[in-house]
1. Copy-to-copy spacing for residue A:206, label 7 Å out on the Cα-to-C-beta vector, in nm, shortest first?
2. Can you list the distances in nanometres, one decimal and ascending, from the residue A:244 label point to the identical position in each other copy, with the point 7 Å along Cα to Cβ?
3. Taking neighbour Cβ counts within 10 Å as the exposure measure, how do B:245, A:34, A:151 sort from fewest upward?
4. So what's Rg/Rh here for segment A:181-220, counting alpha carbon atoms and using the Kirkwood radius for Rh?
5. Can you tell me the length gained on complete extension of the stretch residue A:181 to residue A:233, counting 0.36 nm per residue apart and subtracting the Cα distance?
6. Using only the alpha-carbon atoms, how far is helix A:5-16 inclined from the longest principal axis of chain A? Give it as 0 to 90 degrees, nearest 10.
7. For the Cα atoms of chain B, what angle does the longest principal axis make with the long axis of helix B:255-275, in degrees from 0 to 90, nearest 10?
8. If I model a spin label as a point 7 Å beyond the Cα along the Cα-Cβ vector, how far apart are those points for residue B:7 and residue B:195 in nm?
């Protein structure tokens, strides 16, 4: 029997004993000094391969921002496909597309992300309406994370608009739950920088629905609250993303060791926080 | 002196005597029958080159959906760069990204769209907040179109939510006007399928702000209302997008002639409707 995306997420988080998602968002301006003289495509590939190797024992998932790869031109797409293959199916591979378009176009994005680039899940935004999310609900084995409450300062402009269903982002969370009833493949993105948002999202979703949380680390969100409020009754269904604090932990020759150290420290800290909770 | 995006748009629409934007959204399943046995990348390139050649005399702009190209893998990005070069600066080249992300990532999208792929403008969505649009306001020569009211059935779910500034999409239009005050490079997307939305958008924007209108043709929006209500006082600042009705006008050996005929018919009909209006 094929696992649904939610069941597979749970299995991976359990097997890896980790809630850590490493954000592979390459920014050549921040690469280690030893990469400065290397051509950008080669530098990006070598750097990210090194980061994957260094963080592999501690990562349950990897997330790639499409925007960071488009700037490399066609090479960027080859690199995405290369990385998903290299990472393999023992970790979740998430394409951070924040895609949103009419259904017809969403189906093209789906095909590109899953069939061509080899990802397990994508992120989407809901601005064009609920029906535009439907193409991503249809395949139980592939996940979709809807941006409910983002981590940036401008997030409240739209996401906290009051509606009869509560602040708009909470209506989004409720709708994701509804859209996933049949295929158990939806999740939400909720930023760690907004106190209480993670708790409310978990309350609305119940168990099993994965919450992907950016904004811990460089963006300043509190880790302990995120873990305490974000896990489900089994102490899982939560992915905490960290990009810059791992990738750019050092610009010196020890960059890979520093990245490994930061991934180990962060996943360990998350597990310590989990250990203090009463879970099944 | 360098022209702002709005001034350049006006100059191009005037020089071309056209408001037609051809949507280059390749869907191999709908290609002419003669392309059926050709490998997909080659077929897509040959087909789109043929469409550009056939429609060139009648088009003021070309718009490409990123989603349709990602499915071709790395070849898709090369093809986008090839097409923008082939089309050249006498027509507007718009990348339909519907991008939205935190500022840092939006800058990567900007770099990819403008510097690497050679586009003049992009589309963006506002779900993550006003600040996320700012990276696109900074270069006066490159445009950004914010999806205010889309053409699909689900558009009202978010876009028509009531707010103190009116329905949410109207607050978006007002904000685009505000964000463009300094650099005159913003525009909006408003679907032809919602009666009155184009009129309200023009009323809120005044002259010069380009409105990009999808949904005429295959999606069923009314052309005459769109033209009458959408143009500014000079009878311009409006781009009417048509994709499927031009690209797939015929699947037979006459596909290029049929595309040319449809582009000529549509741009002619738009001009006839414009001629009946009192403009400066």
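Nothing in this text is a laboratory measurement; each read-out follows from the coordinates by a stated rule. In this text the structure is predicted, and so the values were computed from the model without any measurement. Here the Cβ is made from the backbone with ideal geometry for all residues, glycine too, and neighbour counts use every protein chain on show.
1. Label-point distances to the other copies, shortest first: 5.4 nm.
2. Result for residue A:244, in nm, nearest copy first: 4.3.
3. A:34, B:245, A:151
4. On the way: Rg = 11.3 Å, Rh = 10.9 Å.
In segment A:181-220, Rg relative to Rh is 1.03.
5. Working: separation 52, 0.36 × 52 = 18.72 nm, distance 1.88 nm.
Extra length from residue A:181 to residue A:233 when fully extended: 16.8 nm.
6. Helix A:5-16 sits at roughly 50 degrees to that axis.
7. Orientation of helix B:255-275: about 30 degrees from the principal axis.
8. Here the answer is 4.1 nm between the modelled labels.
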